[in-house]
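J.: Quick one: this structure, given as structure tokens, is what I'll be asking you about.
The values are calculated or read from the model by the stated rules, or taken from the named source; none is laboratory data. A quick note: this is a predicted structure, and the numbers were derived from the prediction, not measured. Note: ideal-geometry Cβ built from the backbone for every residue, glycine included; neighbour counts use all protein chains shown.
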Amino acid sequence: MALTLESGALFALLAGGTLLLTGLVAGGIAFLVFNLDRERRYVDESVLTPAAAADGGSVALPRLSAVSESVIHSGVVEAPPSLGMSHNKLGMWTFLSSEIMFFTALIGAYVAFRAIGDLVPEHLNVVLSGVGTFVLICSSFTVVLALDAVQENNQQNFVFYLLGSILLGAAFIGIQGYEWAELMSHGVTATSSLFGTAFFVMTGFHGLHVIIGLVWLTLTLLRAFRGDFTPKDNMGVETFGLYWHFVDVVWIVLFTIIYLIQ
Amino acid sequence: MAATTYPGSAVTRRASLVDWLTTVDHKKIGIMYVILAFLFFAAGGTLALLIRWELALPGQQLLDADQYNKVFSMHGTTMIFLFVIPMLVGLGNYFVPLQIGARDMAFPRLNALSLWMTVGGGILLYSSWLVPGGAAAIGWTGYAPLTSTTFSPSSSVDLWAIGLIVLGSASTAGAVNFIVTTLNMRAPGMTMWRLPLFTWSVLVTAFMVLLATPMLSGALAMQLADRNLGTQFFVPESGDPVLWQHLFWFYSHPAVYIMVVPAMGVISEILPVFSRKPIFGYSAIVWSSIAIGVLGFTTWAHHMFTTGLSPLLESFFILSTMIIAVPTGVKMFNWIFTMIGGSLKFDTPLLFSIGFLSMFLIGGLSGVFQAVLPLDRQLHDTYWVVAHFHYVIFGGTVFGLVAGAYYWLPKMFGFKLGEGLGKIHFWLMFIGFNLTFFPMHILGLLGMPRRYFDYPAERGWTEYNLAATIGAFIILLAFLVFLVNVIMSAIRREPAGDDPWEGNTLEWATTSPPPVHNFDRIPVVSSLRPVRDARLRLAGEPVEDELH
Amino acid sequence: MSDQATHQYSGHSKRPYTRIFVALVAVTFVEMLLTLQQFIPHEFLPIPLVILSFAKIALVAMYYMHLYGDNKLFTYMFLVPVPFVLLIMAALIIDLLV
């Protein structure tokens, strides 16, 4: 005779129950059997400090095997970055290459639909978006000037250019919003046609990146007021700049494929 | 995170639950990834057993058609996104910094964020059971237009998509972390050509995650927009459902390699240690990993041969699919020649590695079969395909993962695992696996389609299905043996020592488990196998010059 | 090293930045003229426009993002996705055309 589970709730119970049960077993193993809650028998960094060393080694010192001992015997306390570059900057460039792939999904769809003629641009305002492009290029310029200013320790100019960048970025969003409103007044919406679909999703995700950039820019400005950035330490400004210029690059592509090539 | 050691009193504070939840230590995060993955393995495994129970005999056993759809959809999604990938990320998290002689990952806080985003993504995915209409019943592939609101009105599909975006963002962040760590945090003297092969495989995988995952996020964003904003990307009338397939497989085919390349790295670590020989052709393995990483991106449309691609694309993807077997074959020969002439120590890690080699060979070869277009049209969406990818993902990756678990658990927790139960685990899993998935090849050739909850008795499929179901429960038994083995070994607590296997790489040059800062001093590396060279020097034996 | 690379520009002048800014604005202006004034036949228009926008991207990446004079690894990192981008674009266009 067939035993039939009646509802989704029973399934929730089954899946959740399995998860919970294994969770309890795994948690039990982890915290009771593996002694995960007990500190490792090894020393902490604190005993490596001079204060601890001066204390006469009352803390149990590491008991390494002879082989391990000989491997780390000639070692160093701190190793410099193996490529001699900042983690943050390398990380940002790595992240940007994944951003390229994200926009490829959206742009690829647009270009393919355009190429086969399924998608026809409607009611685009080339001049207005040209002004938007100009504003965004200006903001890239001010961001790079801000970096230049902090590297020359000109804090006043640094703050000035950051403020300028925020205003320019906000102006770009304003222009984009006006253009969206204009298109919608012509009846072009995300649901009206394939063009509307691709246009609003693409420019929407780009706009989202600009807005995230603006939030980051504001935080950078607050840190600038606090005097966090110096000629020696301005990686925060540089990595932000990389992100911002990348968003600019994406706009250059979008401007070309949406507005210029009609 | 670190328990405070009070100088002078030698009192250590116990690491509390809060310490674990707020840790940024790569080892604690790695352990939590492994535990998380194991939890979801249990959940996904339960779903798999439900599938097999339903299919054991013709007629409805346990599930109706709709429930069956939910069960296999969530089984696939869980196993790929919440078991295999987090498990590999966990092992990578724990061992990459140790192998390259670093104290932590490059971005420890980002690392913690990735972990908790993975947890959140898992919760989002599983919360889809609770909404009206139950979990997403769209297959793990989520093809349009099945995912449209017309055919899947339940908001569980939205939860599925959002969960995957969250999981994808977590793995992208993790990929950035792994790439920066591996490139920029190597110990002095650890050149790229002295990098342990597991670390190399994680690096290649990280690049694939970095470039493939955003494509899936983009496609999922479009799918969400189609469902919730009324856009038309994948709508058949104006957009194109095949676009989803392109974008989805552009992620999901590399994802197969994302899942298998780290397991290959584990095997490349284990085989030389248990053969007492250097790895055969280190640079060939590295280059073939890189080749797989690149070619993995060029084969996606072989999943779409039945959608009517242009002949130009068809021939391109047939060719690329066959070419990618070449670097995989190169590795196969490297591994076999590593073992030939070695003095093999048949401990559990080696058994599972040999299991990997043989099972992955079958899975790889049946993949090349499917590159042949006429055959693919016949086999598409039959049980042959199910057999093929389970031989790759289960026979390959899971065998590799379990080999890695037996190899590295002593390092992670400081005690040895029982060899006797380990061998029982291996044989149960090997037999159960083949009993489950080998008959599926035949079922596929007999024409049984995948994703059907029932089949007629007169088709002659019953015996094979029954065998597969029995095999699935043998696999369950195998993992119960594993669980018992781990618990009993933990109670027995036979100390592993720094280096239970006489290993080659730097993780064996610290205590088991390693201290918070990994190494008192960062080792200066001058060869491919620093720990083995130090061992020989200490014993007064000559250390021959190696290539690198 | 990154610090050296940025140091190259600091200390003496902002002129490369300003020159690049002027170039970017000028190229954008030319692009818009091409689109609005129809100097060249419509079907050939994409060719100069694509070339010009690539020039803009190169200027931004090389000077504002400091790829020029910086560690080559950053350039490679930025270029790694390009072949895959071209491949998926080509496949999408070919497939949807048929």
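J.: Select from the range A:88-99 the residues that are more than 8 Å from chain B (Cβ to nearest Cβ) and out of contact with any Asp or Glu (no Cβ under 9 Å at 6 or more places or on another chain) and write down the one among them that is farthest from B:Thr213 (Cα to Cα).
T.: Among them, the one singled out is A:Trp93.
J.: Taking interchain pairs and intrachain pairs at least six residues apart, which have beta carbon atoms under 8 angstrom, with the first residue in the range C:36-50 and over 15 Å from A:Thr256 (Cα atoms) and the second part of a helix (DSSP H, G or I)?
T.: From the range C:36-50, the pairs are C:Phe39/C:Leu33; C:Ile40/C:Leu34; C:Ile40/C:Pro48.
J.: Given the criterion away from every other protein chain (no Cβ under 12 Å), closer than 21 Å to A:Gly91 by Cβ, aromatic (Phe, Trp, Tyr) and under 18 Å from the mean Cα position of the chain (by Cα), identify the matching residue among B:Phe81, B:Phe95.
T.: B:Phe95
J.: Quick one: B:Ile487 ticks every box in (1) within 10 Å of chain A (Cβ to nearest Cβ); (2) closer than 30 Å to B:Leu428 by Cα; (3) in contact with a strand residue (DSSP E or B) (Cβ under 9 Å, 6 or more places away or on another chain) bar one, so which box is it?
T.: The failed condition is (3).
Each row is one residue, and each column tells you yes or no for (1) more than 13 Å from every other protein chain (Cβ to nearest Cβ); (2) buried (at least 24 other Cβ atoms within 10 Å of the Cβ); (3) in contact (Cβ under 8 Å) with a residue 60 or more places away in the chain; (4) touching a Pro at 6+ places or on another chain (Cβ under 9 Å).
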site	(1), (2), (3), (4)
B:Gly218	no, yes, no, no
B:Gln223	no, yes, yes, no
B:Phe234	no, yes, yes, yes
B:Gly239	no, yes, no, no
B:Val242	no, no, yes, no
B:Ile258	yes, yes, yes, no
B:Ile270	yes, yes, yes, yes
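J.: In the range B:513-536, what count of residues is obtained for those that are within 7 Å of chain A (Cβ to nearest Cβ) and in a helix (DSSP H, G or I)?
T.: Of the residues in the range B:513-536, 4 are within 7 Å of chain A (Cβ to nearest Cβ) and in a helix (DSSP H, G or I).
J.: Given B:Phe413, B:Phe426, B:Phe437, B:Phe430, which one is closer than 22 Å to B:Trp53 by Cβ, under 25 Å from the mean Cα position of the chain (by Cα) and not small (Gly, Ala, Ser)?
T.: B:Phe437
J.: Of everything in the range B:277-335, what is of a type in the set (Ser, Thr, Tyr) and either farther than 25 Å from C:Leu92 by Cα or in contact with a Leu (Cβ under 6 Å, 6 or more places away or on another chain) (or both)? Give them in sequence order.
T.: Result: B:Tyr282, B:Ser283, B:Ser288, B:Ser289, B:Thr328.
J.: Kindly establish whether B:Leu98 is surrounded by fewer than 24 Cβ atoms within 10 Å (Cβ to Cβ), in contact with a helix residue (DSSP H, G or I) (Cβ under 6 Å, 6 or more places away or on another chain) and of a type in the set (A, V, I, L, M).
T.: So B:Leu98 does not fit the description; no.
J.: Which condition number does B:Gly414 fail, the rest of (1) touching a strand residue (DSSP E or B) at 6+ places or on another chain (Cβ under 7 Å); (2) of a type outside the set (S, T, N, Q); (3) without any contact (Cβ under 8 Å) to a residue 24 or more places away in the chain being met?
T.: Single failed check for B:Gly414: (3).
J.: Kindly establish whether B:Ser252 is among the hydroxyl-bearing types (Ser, Thr, Tyr), surrounded by fewer than 22 Cβ atoms within 10 Å (Cβ to Cβ) and under 24 Å from B:Pro214 (Cβ atoms).
T.: yes
J.: So B:Ser512 fits all but one of (1) within 30 Å of the chain's Cα centre (by Cα); (2) surrounded by fewer than 16 Cβ atoms within 10 Å (Cβ to Cβ); (3) at pLDDT below 90; what number is the exception?
T.: (2) is the only condition that B:Ser512 fails.
J.: If the requirement is being at pLDDT 95 or above, of a type in the set (Ser, Thr, Tyr), assigned to a helix (DSSP H, G or I) and out of contact with any Gly (no Cβ under 8 Å at 6 or more places or on another chain), which of these qualifies: B:Ser268, B:Ser315?
T.: Result: B:Ser268 is the single residue among B:Ser268, B:Ser315 that is at pLDDT 95 or above, of a type in the set (Ser, Thr, Tyr), assigned to a helix (DSSP H, G or I) and out of contact with any Gly (no Cβ under 8 Å at 6 or more places or on another chain).
J.: So, one more: Collect the residues in the range B:515-534 that are closer than 16 Å to B:Met185 by Cβ and crowded, with 21+ Cβ neighbours inside 10 Å, keeping them in residue-number order.
T.: Once the filter is applied, which keeps residues that are closer than 16 Å to B:Met185 by Cβ and crowded, with 21+ Cβ neighbours inside 10 Å, the range B:515-534 yields B:Asn518, B:Phe519, B:Ile522, B:Pro523, B:Val525.
J.: What are the residues in the range B:175-223 that are more than 19 Å from the chain's Cα centre (by Cα) and of a type in the set (Phe, Trp, Tyr), if any?
T.: Residue satisfying the conditions is B:Trp193 alone.
J.: Also, quick follow-up: Considering only the range B:98-131, state which residues are charged (D, E, K, R) and within 10 Å of chain A (Cβ to nearest Cβ).
T.: Within the range B:98-131, just B:Arg103 meets the criteria.
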